[in-house]
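Right, one structure below, let's go through it.
All of the numbers you see were taken from the coordinates with simple rules; none came from a lab. On a predicted model such as this, the values are computed, not experimentally measured, just so you know. A quick note on method: Cβ atoms are made from the backbone with ideal geometry, for glycine too, and the neighbour counts reach across all protein chains shown.
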């Protein structure tokens, strides 16, 4: 690993002759990986976990809003309210590209399935497509009249869907930027939009309390998922495309038949807004996170509650499963991320030290690292390879 830490967008070691130069070079190597101590806790419990190494990605000048690994795990993209996205080397933390061109904060950033492009969605009402290798702007998807909340690729990378506060979603050709379809029918802001695994359908979630399923190529509405009594905060398909999960500010999540739109189960138990619902990679479980400070793991087939994740002190706003589904990473406004055991719901590690709310926690494709993004303008890559055993933080109850 290169002994370089990215600071303010600068790359490469500063050369200085003599003994002083040698000392500074050694210091640079030491700083490339920093070390975080586990947080102190007054709770009785097992001894603290080993100290965790992390790389800090420094350069943004405002809140981070999103962060994601490339499909091969070699790069990271971050999005920020500073109107830029940035691409980093995942191993060294070196800044590779700054994606400048939006005129308002960037809400989301996504790698294409082949890792060659990045898609950004911003509050300037546009989405943009960038070349990863050069940082060059390739396309601007323009047509919405209000800020974007989300933008996603289809699984084959041929289409892009954008979700906007103008009450619509739009489907675009990812190679030309041509508009394929406008999804019109919601009466409130569209908060999220995602393709079905086969790319034939799109599901959207809206502030109008509904989710809708559309034909991705024609824009024809197929059915409306009704029953929520609050903003639909998240929508997602199961990996096999047979189920849809929705989350809502009405304190519930729901499981739907993706073919017919029929309600299968309402997931009840949270006491405040549910921020997201995600499927495990094998599709057997659903994880929800809430402003009630808890996460809940559910059986995706029956809706039975399997475990409750307790320990965060503020809202849980995002999460991811490890590639083997044995662990869960959660991000919280309490300025920490946590690693949990999926089978038991036990808290294994607390990733603490960032100076603001943590809004993303994503496992690397190999499961050895966790990427966190914070309102403190930084992201961190945590090395889980040497970490074993639970932390000194409060165990799950």
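Among 152-165, 118-131, sorting by the average number of other beta carbon atoms lying within 10 angstrom of each residue, highest first, gives 118-131, 152-165.
State whether the range 18-383 is rounded, prolate or oblate according to the following rule on the C-alpha gyration tensor (a ≥ b ≥ c being the square roots of its eigenvalues): a/c under 1.5 gives rounded; otherwise a/b larger than b/c gives prolate, and the remaining case gives oblate. Oblate is the answer for the range 18-383, as a/c is 1.5 or above yet b/c matches or exceeds a/b. With neighbour counts taken as other beta-carbon atoms within 10 Å, the residues 87, 264 rank, fewest first, as 264, 87. Length gained on full extension, residue 240 to residue 313, computed as 0.36 nm times the residue gap minus the Cα-Cα distance: 22.8 nm. Per residue, the average separation of C-alpha pairs within less than 8 Å and at least 6 apart gives the range 229-345 a relative contact order of 16 percent.
Give me the extension gain from residue 114 to residue 62: residue separation times 0.36 nm, minus the current Cα-Cα distance, reported in nm with one decimal.
The residue 114-residue 62 span can extend by a further 15.8 nm.
Across the range 18-383, C-alpha contacts under 8 Å between residues 6 or more apart give a mean separation that, scaled by the residue count, equals a relative contact order of 11 percent. Centre-to-centre separation between the Cα atoms of the range 110-146 and those of the range 175-232: 20 Å. Cβ-Cβ distance of residue 304 and residue 220, R₀ of 41 Å, FRET efficiency by 1/(1 + (r/R0)^6): the value works out to about 0.70. Distance from the alpha carbon centroid of the range 235-276 to that of the range 355-386 works out to 26 angstrom.
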